[in-house]
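Data block below; observations after.
The values are calculated or read from the model by the stated rules, or taken from the named source; none is laboratory data. Remember, it's a predicted structure, so these values are computed and weren't measured experimentally. Ideal geometry is used to build each Cβ from the backbone, glycine not excepted, and the neighbour counts take in all protein chains shown.
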Amino acid sequence: MRIGHTCLNAHLHRLGMTDSLHCSWCPTQPDTPEHLLLHCPRHHSHRVAILHSLSAIQPHRPILTDLLGGCTNTTQAFKTLNLTRTFLQKTKSTPPHTAPLGH
């Protein structure tokens, strides 16, 4: 996800693997990591849970870079990446063979 290779429609459309680049839930929005993690109403309850957990780690509302481990504090980045991984697993937005972080 950090380098843009995902199973989301925007990426699959670029590869010619799907007809639409849009989110199946939000037909006017491109199905991108930012949309999935920060905006899609389909995953609102999971997003609320991750934002609640993140509030103990970082004081500001996260942006996409934060959720993908882009902060300079490695402990904070690791915790944030684990929360993001959990979000992706709960929303079924990651392949089941994805190895846990740190393994």
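General observations
- Scanning segment 1-55 for residues that are out of contact with any Phe, Trp or Tyr (no Cβ under 9 Å at 6 or more places or on another chain), touching a residue at least 40 places away in the same chain (Cβ under 8 Å) and of a type in the set (Lys, Arg) yields one hit, ARG2.
- Among the residues of segment 70-100, those that are at pLDDT below 85 and either surrounded by 12 or more Cβ atoms within 10 Å (Cβ to Cβ) or in a helix (DSSP H, G or I) (or both) comprise GLY70, CYS71, SER93, THR94.
- For PRO27: the one exception among (1) of a type outside the set (A, V, I, L, M, F, W, C); (2) buried (at least 19 other Cβ atoms within 10 Å of the Cβ); (3) out of contact with any His (no Cβ under 9 Å at 6 or more places or on another chain): (2)
- Condition met for ARG61 (of a type outside the set (A, V, I, L, M) and either outside any loop (DSSP other than H, G, I, E, B) or touching a strand residue (DSSP E or B) at 6+ places or on another chain (Cβ under 9 Å) (or both)): no
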